[in-house]
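**Student:** Quick one: the structure is below, questions incoming.
The values are calculated or read from the model by the stated rules, or taken from the named source; none is laboratory data. This one's a predicted model, so the numbers in the text were calculated from it and none came from an experiment. Don't worry about glycine lacking a Cβ; one is built from the backbone with ideal geometry, like all the others, and counts go over all protein chains shown. Ligands, DNA and RNA are stripped out before the accessible areas are found, and what is left, the full protein with its side chains, is counted by its heavy atoms. Shrake-Rupley method; radii C 1.70, N 1.55, O 1.52, S 1.80 Å.
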Amino acid sequence: MNDQQENKIASPSDENIIEITDMHKWFGDFHVLQGIDLTVKKKERIVICGPSGSGKSTLIRCINRLEEHQRGTIIVDGMELTNNLKNIEKIRAEVGMVFQHFNLFPHLTIIDNLALGPIWVRKVPKKQAEETAMHYLEKVHIAEQAKKYPGQLSGGQQQRVAIARSLCMNPQVMLFDEPTSALDPEMIKEVLDVMIELAREGMTMIVVTHEMGFAKSVAHRVMLMDFGQILESNTPDEFFDNAQHERTKLFLSQILI
Amino acid sequence: MENTIQDTQTSEIKPPIIDVGVIGWMKANLFDGVFNSILTIITLILLYKTVPPLISWAFIDSTWLSTGPECKEATGACWSVITTNYRLILFGLYPYELQWRPLIAVIILIGLLFYSKDRKHWSKYLGYAWIIGLFVMGILMRGGVLWLKSVETSEWGGLPLTLLLSIFGLTVAYPLGVILALGRQSKMTFIKYLCVVYIELIRGVPLISLLFMSSFIFPLFLPEGVTLNNLLRAQVAIILFTAAYVAEVVRGGLQGMSRGQYEAAESMGLNYYLTMRLIILPQALRIVIPPTVSVLISAFKDTSLVVIISLWDLMKTTQTVINDPQWMGFSREAYIFIALLYFLGCFSMSNFSRKLEKELDTGY
């Protein structure tokens with residue numbers, strides 16, 4: 001493995017793309033996120049792990065306003081997330097998201113799934129949008145399925161289409177919300193391979209996952225969340241071999257069996 | 001080698017003769033056990049007792065072209081009540097010598113509907129064709145321009161009136177219902193409760209009373225000198241009524257959509273309008289095609305209630321014919337005839353909906 005080299009190829013720049021300061025969120029009375037501070041640089045890749053209910057999904061869903069935070073600030077690409085709808089739509093166009101359950105649009109063909117965002121949000125001409133779509137479908141090795149419907153594809157293929165769909169919007173940041181959790185074991189690899197390729201090209205990525213192998217080989221920083229807080233944030237080497245927080249050690253001992 | 005041998009063996013085994021062919025089918029479907037055999041025999045006897053007399057009544061002993069008194073002599077059906085009075089049934093009080101106008105209007109309408117059945121034909125030109133077609137139909141029915149003599153809407157009747165009430169009723173009620181369903185899901189409290197109150201109020205009232213209100217009570221609120229066409233008021237009542245039912249059906253479809261579809265659309269930066277138009281509604285409306293068509297079909301039949309506010313729809317014209325002393329006692333034949341007309345309308349709708357469902361099925 002030449003992980004070190006790989007990291008160097010696309011090392012983070014000095015420019016911040018996401019700045020989160022003292023962000024809190026409640027679901028009713030439940031305090032899900034308790035003061036998150038997180039800065040992400042361009043081309044940086046972050047893996048967030050933690051037990052279920054720790055708030056990791058909620059955190060990344062706040063970044064594109066699928067969830068609304070109640071205190072603190074989130075700044076994405078220089079724009080602050082407020083109730084300003086226009087701003088939210090602009091930020092969402094810059095932030096791609098891949099979901100656990102793919103969430104492809106089942107009534108549209110694969111290529112229409114991909115071209116829809118560029119055509120309607122970016123106002124790209126249809127023909128050009130479809131060319132872009134084919135380009136990204138080739139990139140995720142699934143171009144031959146372009147005319148099919150999502151229901152005709154396997155889970156792994158659907159997730160790769162979902163990644164391609166986000167890429168078509170040419171996003172600054174990609175958020176992955178447990179992208180492999182709903183997949184059969186033999187399909188996980190094909191999705192992770194696509195994500196690794198993406199990492200190699202210098203995409204800014206925040207990935208919520210329990211795929212520790214992926215974290216080790218791709219992440220610049222690995223974080224552990226629990227009780228709505230980021231308990232540990234470290235380089236992969238330090239995180240796995242020399243964790244500072246007791247909670248991390250416990251988590252790793254459970255997950256790595 | 002072993003595999004080959006097994007393959008030939010399996011392909012040579014055929015199902016027992018008793019399970020296939022006519023005998024197998026009869027055994028499985030007609031004489032499957034004592035109870036089912038008895039049922040089959042009873043059914044056969046009933047069919048034998050009813051079908052032949054019905055056929056001879058309707059076709060063999062029937063009279064097709066005769067006067068009323070002659071009909072009374074005959075034992076079979078008196079279809080003459082239709083052949084003699086069809087123009088009154090189909091066109092009502094529309095001036096006799098001008099009835100070619102509603103005829104052409106109905107032909108244009110049915111032609112357009114028929115052509116629009118195929119989704120491959122849906123284009124903006126078809127839209128223009130509809131606009132022009134409706135305009136021509138309006139001129140034909142109403143007259144008063146060019147050399148066409150003006151015909152008041154109170155003289156309209158029969159099939160054109162029924163088609164007008166139902167087709168306009170349904171095409172306006174459907175989008176209105178969708179908007180109401182979306183409104184009911186709105187995060188804006190005022191809009192939400194406005195829609196809830198509207199839907200619940202309308203659904204809580206029978207169509208008959210709505211028609212009465214539109215026809216007798218509503219005019220009392222209009223300023224003096226202002227009158228609104230009776231036909232238009234009935235049309236509006238039908239639209240408002242049907243829309244409330246469509247809204248509830250569509251709401252069911254909207255609730256069947258997963259949160260993930262909204263999130264995927266929103267996370268791309270699609271706004272509310274585009275999310276609904278491109279992602280949510282195409283799926284939700286497809287899911288609810290069967291119940292929607294049920295609502296539309298019953299709305300189509302309910303247009304016959306306009307009889308009570310003395311509009312001359314198909315039902316009313318038929319009743320007029322059978323109240324004619326010469327044709328007294330032949331209501332069966334007359335009702336069978338308009339039942340057939342209604343059935344044709346309803347059956348085409350449900351056929352179309354099944355076709356649409358199949359075409360829109362993408363395997364999810």
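**Student:** Along the stretch B:217-227, what does the Karplus equation 6.51 cos²θ - 1.76 cosθ + 1.60 (θ = phi - 60°) give for ³J(HN,Hα), rounded to whole Hz, x for Gly and Pro?
**Tutor:** 8, 3, x, 5, 8, 6, x, 4, x, 8, 10
**Student:** Looking at chain B, do any whole DSSP H helices span at least 30 angstrom along their long axis by alpha carbon and average 0.5 or above on Kyte-Doolittle, and which? Intermediate results must be reported in sequence, preceding the final value.
**Tutor:** Working: long enough: B:34-55 (31 Å, 1.72); B:159-184 (36 Å, 1.75); B:230-255 (38 Å, 1.04); B:331-359 (41 Å, 0.22).
What comes out of the filter, once short or polar helices are dropped, is B:34-55, B:159-184, B:230-255.
**Student:** Among the aspartates and glutamates, which fall within straight-line cross-link reach of residue A:249, defined as a Cα-Cα distance under 17 Å, with same-chain neighbours fewer than 8 residues apart omitted?
**Tutor:** Hits, sequence-local ones excluded: A:211, A:226, A:232, A:237, A:238, A:241.
**Student:** Okay, moving on. Could you give me the radius of gyration and the Dmax of chain A, taking only the C-alpha atoms into account and expressing both in angstrom?
**Tutor:** When restricted to the Cα atoms of chain A, Rg and Dmax are 18.0, 55 Å.
**Student:** Still on this model: Using +1 at the C-beta of Lys and Arg and -1 at the C-beta of Asp and Glu, which of B:201, B:329, B:46 has the Cα lying farthest in the positive direction of the dipole of chain B?
**Tutor:** Checking the options against the dipole of chain B, the answer is B:201.
**Student:** Then there's this: Where Lys and Arg each count +1 and Asp and Glu each count -1, what net charge lies around residue B:192 among other residues with Cβ under 12 Å from its Cβ? Show your work: numbers first, answer last.
**Tutor:** Details: positive: B:184, B:187, B:251; negative: none.
With Lys, Arg at +1 and Asp, Glu at -1, the net is +3.
**Student:** Cross-link list A:41/A:123; A:86/B:117; B:49/B:117; A:25/A:189; B:117/B:192: which exceed 32 angstrom alpha carbon to alpha carbon? Kindly include the intermediate steps, with their values, before the conclusion.
**Tutor:** Details: A:41/A:123 28 Å; A:86/B:117 40 Å; B:49/B:117 41 Å; A:25/A:189 34 Å; B:117/B:192 35 Å.
Going by Cα-Cα distance, A:86/B:117; B:49/B:117; A:25/A:189; B:117/B:192 fall outside the 32 Å limit.
**Student:** Let me ask something else about it. Have a look at the stretch B:266-292 and report residues whose accessible surface goes down by 10 Å² or more when the remaining protein chains are included, against the chain on its own, probe 1.4 Å, ligands and DNA/RNA excluded.
**Tutor:** B:266, B:267, B:268, B:269, B:270, B:271, B:274, B:277, B:278, B:279, B:282, B:283
**Student:** When the helices in chain A are scored as -39500 (n - 2.57) per DSSP H run of 4 or longer and the sum is shared across all residues, what 222 nm value do you end up with, to the nearest 500 deg cm²/dmol?
**Tutor:** Details: 10 runs with 103 residues, N = 257.
Value at 222 nm, helices only: -12000 deg cm²/dmol.
**Student:** Moving on. In whole Å, what three semi-axes, largest first, describe the equivalent ellipsoid of the protein assembly as shown built from its Cα gyration tensor (square root of 5 times each eigenvalue)? Mind showing how you got there, number by number?
**Tutor:** Working: eigenvalues 827, 242, 97 Å².
In descending order, the three semi-axes are 64, 35, 22 Å.
**Student:** Enumerate the amide H contacts of residue A:108 below 5 Å, restricted to partners 5 or more residues apart or on another chain; note that Pro and chain-start residues carry no placed amide H.
**Tutor:** Residues meeting the amide H criterion: none.
**Student:** Then there is this: Can you list residues whose amide H is under 5 Å from residue A:48's amide H, if they're 5+ apart or on another chain and H is modeled 1.01 Å from N?
**Tutor:** Answer set, sorted by chain and number: A:207, A:208, A:209, A:223.
**Student:** Roughly speaking, to the nearest percent, how much of the protein assembly as shown's 1.4 Å accessible area is carbon and sulfur? Show your work: numbers first, answer last.
**Tutor:** Working: 20380 of 32430 Å².
The value for the protein assembly as shown is 63 percent carbon and sulfur by accessible area.
**Student:** Would you kindly work out the equivalent ellipsoid of the stretch A:6-147 from its C-alpha gyration tensor and give its semi-axes, the square roots of five times the eigenvalues, largest first in whole Å? Can you show the working numbers first?
**Tutor:** Working: eigenvalues 182, 69, 56 Å².
Each semi-axis is √(5λ); the values are 30, 19, 17 Å.
**Student:** Over chain B, average the accessible area per residue using a 1.4 Å probe and give it in Å², no decimals.
**Tutor:** Values: 21170 Å² over 364 residues.
So chain B comes to 58 Å² accessible per residue, rounded to a whole number.
**Student:** Under 5 Å between amide H atoms, partner at least 5 residues away or on a different chain: which partners does residue A:231 have, H built in plane at 1.01 Å?
**Tutor:** Amide H neighbours of residue A:231, under 5 Å, 5+ apart: A:224, A:225, A:226.
**Student:** Please compute, over every Cα-Cα pair in the stretch A:117-257, the percentage with a separation greater than 25 angstrom. Please report the intermediate quantities before stating the final value.
**Tutor:** Working: 3628 of 9870 pairs.
Percent of Cα pairs beyond 25 Å in the stretch A:117-257: 37.
**Student:** OK, next. With solvent modelled as a 1.4 Å probe, how much accessible area in total do chains B and A shield from it at their shared surface, in Å² to the nearest 100? Could you put the intermediate results ahead of the total?
**Tutor:** Values: alone 22170 and 12200 Å², together 32430 Å².
Using a 1.4 Å probe, the pair buries roughly 1900 Å².
**Student:** Charges at C-beta only: +1 for Lys and Arg, -1 for Asp and Glu. How large is the resulting dipole of chain A about its Cα centre, in Debye rounded to 20?
**Tutor:** Values: 28 positive and 35 negative charges, 163 e Å.
With only Lys, Arg, Asp and Glu charged at Cβ, the dipole is about 780 debye.
**Student:** ³J(HN,Hα) across the stretch A:226-240 via Karplus (A = 6.51, B = -1.76, C = 1.60, θ = phi - 60°), whole Hz, x for Gly/Pro?
**Tutor:** Computed from phi, the couplings for the stretch A:226-240 are 7, 6, x, 10, 8, 7, 9, 9, 8, 5, x, 4, 5, 4, 7 Hz.
**Student:** If I take R0 = 41 Å and measure r between the Cβ atoms of residue A:152 and residue B:147 in this structure, what FRET efficiency does the formula 1/(1 + (r/R0)^6) give, to the nearest 0.05?
**Tutor:** On the way: r = 60 Å, r/R0 = 1.47.
FRET efficiency, residue A:152 to residue B:147: 0.10.
**Student:** For the stretch A:32-39, take each phi angle, set θ = phi - 60°, evaluate the Karplus expression 6.51 cos²θ - 1.76 cosθ + 1.60, and give the result in whole Hz per residue in order, putting x for glycine and proline.
**Tutor:** 6, 10, 10, x, 8, 10, 8, 10
**Student:** Lys/Arg Cβ at +1, Asp/Glu Cβ at -1, dipole of chain B taken about the Cα centre: which of B:238, B:69, B:21 is farthest positive-ward?
**Tutor:** B:238
**Student:** Listed here are the pairs A:42/A:90; A:126/B:124; A:56/A:127; which of them are more than 27 Å apart at the Cα?
**Tutor:** Pairs exceeding the cut-off: A:56/A:127.
**Student:** Quote the relative contact order of chain A in percent (integer), defining contacts as alpha-carbon pairs under 8 Å separated by 6+ residues.
**Tutor:** Details: 469 pairs, mean separation 66.1, N = 257.
For chain A, the relative contact order is 26 percent.
**Student:** When the scattering of chain B is computed by the Debye formula from its Cα atoms alone, each counted once and equally, what is log10 I(q)/I(0) at q = 0.06 Å⁻¹?
**Tutor:** Those come out to -0.37, one per q.
**Student:** Could you point to the residue in B:144, B:115, B:102 farthest towards the positive end of the stretch B:97-150's charge dipole, with +1 and -1 charges on the Cβ of Lys/Arg and Asp/Glu respectively?
**Tutor:** Of B:144, B:115, B:102, it is B:115.
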